[in-house]
Structures are given as C-alpha cells and as structure tokens.
1. Each residue of the stretch 239-255 in turn: what ³J(HN,Hα) in whole Hz from Karplus with 6.51, -1.76, 1.60 and θ = phi - 60°, glycine and Pro shown as x?
2. Divide the volume of the convex hull of the Cα atoms of the chain by its number of residues and quote the answer in cubic angstrom per residue.
3. Limiting things to C-alpha atoms, what are the Rg and the maximum Cα-Cα separation (Dmax) for the stretch 3-67, in angstroms?
4. Please turn the phi angles of the stretch 151-158 into ³J(HN,Hα) values with the Karplus equation 6.51 cos²θ - 1.76 cosθ + 1.60 (θ = phi - 60°), one per residue in order, whole Hz, x for glycine and proline.
5. Straight-line reach from K14: which lysines have a Cα under 17 Å away, not including same-chain ones fewer than 8 places off?
6. May I have the extent of the alpha carbons of the stretch 1-135 along their three principal axes, as whole Å values ordered from largest to smallest?
7. Whole-Hz ³J(HN,Hα) for each residue in the stretch 20-35, computed from phi via Karplus 6.51 cos²θ - 1.76 cosθ + 1.60 with θ = phi - 60°, x for glycine and proline: what do you get?
8. Helix-derived [θ] at 222 nm for the chain: sum -39500 (n - 2.57) over DSSP H runs of at least 4, divide by residue count, nearest 500?
Amino acid sequence: MTPTEYEYLRKFLKDQSGLDLSADKQYLIESRLLPLARKAGLSGIGELVKKLQGSSSALTTSVVEAMTTNETFFFRDKVPFDHFRDTIMPEVIKARAGRRSVRIWCAAGSTGQEPYSLAMCLKEMGAALNGWRVEIVATDLSQEVLEKARAGIYSQFEVQRGLPIQMLVKYFKQAGETWQINPDVRAMVQHRQLNLLHDFSQLGTFDVIFCRNVLIYFDQDTKVGIFNRLARQIEPDGFLVLGAAETVVGLTDTFRPISDRRGLYRPNDPRAAAAKPVVADAAPRLVAMAGR
Ligand SMILES: C[S@@+](CC[C@H](N)C(=O)[O-])C[C@H]1O[C@@H](n2cnc3c(N)ncnc32)[C@H](O)[C@@H]1O
C-alpha cells in the first residue's frame, strides 16, 4: 500500500465512521482489507482504493464494517451493570413513578450482548417494574452485527464470557451448539442501524444512555460533537454510561461525572448544551413489563 493510498483510506474511514487511525496503522488496514479485496476479486489495496474513489456504495459499507471493532460480551466490565441495578434504576423508578415508563439507548450495541444484559437486569427487578413500559433501543453502524443482535443467537464461547450460568439457564434456550435468548427478552430490545456521526435527534429523549467502547476510536472533536448531541437526547435527570477508557472530563461540560460511580455521568444543563456547536450531522417500540 502506498502512502497516498493509506492517507486516502484514513480520511475515508474518518469521514464514514469516525475511526481515527494514527499514521502507523498500515498493518491493521492490510490485515482487515486485503481479505476483503481478494474476496471482491481485486488484486489488492490499490485496486480497492480505486473502486472506492469510483464511489462503489456496496464496497464502502463492506470496508467500513471490516474496519469496525465489534468486541463485546455479556455484562462487560460488570461495574456499569451494578450501577445500572443499584443506582440508575432505583432513581429512575422513583423519578418516573408517575408515568411508569423508561427509555434506554444502547448507542453502540454491537452484536447485542450489552442491550440484552440490560434487558436481563430489568427482568431481574421483577415486581418493581410491573406494568411499566420499557424500551431499549440498541443502535450500531454495522448491519452485520445488528443482524446477529436481532437473531439473539450466541455460541457456547460467547455465553461463557461474562454471563452468569443462572442467567444462561433462565433466559436462553439451547439449540444444538448455540444458545438463543428467550423471545420475551429479545422483544424488549429494538435494534436499529445508526451512525453516531449523523443526526440522531429522531430517536427522542432517553432516561439512560449507554455509549461504551466506541468513542475511544474517535478524535477529540468528534467526541465533543457526539457528547453535545447526546446531551440533547437525555432527560435532565438522566444518566450517561461510558466505557472504562472514556470520559467527558476535559472535553465538554455538558455532562458531569458522578463521584464514586466510575463511568457514570449526568447532564449538566441540556439547554446550555443545545446552544453549543456540533461537529457533524448525520418510533420506538414499547414493551409492557408483565408480572413474572
Ligand atoms: C467495541 S464495540 C462496543 C460494543 C459495546 N458497547 C460494548 O461496550 O461491549 C464498538 C461498536 O461501535 C460500533 N461503531 C463504530 N463506529 C460507529 C459509529 N460511527 N456509529 C455507530 N456505531 C459505531 C461498531 O460497529 C461496534 O459494534
């Protein structure tokens, strides 16, 4: 791959998905895109770049998807889900007792383990949510991961990563060598394709936003733009949950960290956030919680 081809791909990926590759990631591009180029009958990265310059939209999607990192697992990092159960939901249940509904957005849900972990947490709350309307919207850039998330089918290896055995037995059915999440849990999550670089105001406002392990791939300006737009989609008393390597500190004052609750943030003042400039611009299903 020539330096010019590498620069083209760096800019292309940044524009398409926000992925911010440093100057020395040629090996990453080659290991992920060479197999894709060969599969498409192209001689190598050079020919792939020429095709992209000719704006082949099918190839654009494949290249962007091949470069995303979709690593995820059930109850990843554990602590955010403890916070969800012990801090976030008790406050939401108190604050929304009047309207008895909660909206949760999993903003880079990948293959579904994160939104389904949240759905199982809610199931575990049992009677506390009886009669509540619960909505979990899981979005991701990649159609490929969304298809897997919608199917809710996981390998033995995937269910062994982070999922307590009691939850596996309670919320999954074995089908040959795979496990499928039960229909009632699956029905709690609505999966949608969404690029965080694009406008997401149509999703409405949420009580809780999980946006974990995706902003780490973006540059500072892109992160700030997304934080500012997330601030407009969160209730003034809502919660933002970030990944272990992510923070708002030093980037934006639209959210503030909650002390002693690592990874948890609250919006400062969404009206102030609405006045801030953004970097880029890009009907939900409700599930009634039945008694168990
Ligand atoms: C490393 S996974 C994190 C999954 C999950 N949140 C977790 O913490 O386990 C990152 C996900 O972000 C998605 N992603 C990357 N760029 C995106 C973008 N611009 N908009 C939306 N999703 C994006 C990828 O497709 C991938 O599934």
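1. These are the phi-based 3J(HN,Hα) values: 10, 10, 10, 10, x, 4, 9, 10, 7, 8, 4, x, 10, 7, 9, 6, 10 Hz.
2. 141 Å³
3. For the stretch 3-67, the Cα-based Rg and Dmax read 10.5, 28 Å.
4. 5, x, 10, 10, 6, 4, 4, 5
5. By straight Cα distance, K14 reaches K25, K223.
6. Cα extents, longest axis first: 60, 26, 23 Å.
7. Karplus values, whole Hz, x for Gly and Pro: 10, 8, 6, 5, 10, 9, 4, 4, 5, 4, 5, 5, 8, 9, 5, x.
8. Taken over the chain, the calculation gives -11000 deg cm²/dmol.
A short reminder: the numbers here are calculations on the coordinates, not readings from a lab. A quick note: this is a predicted structure, and the numbers were derived from the prediction, not measured.
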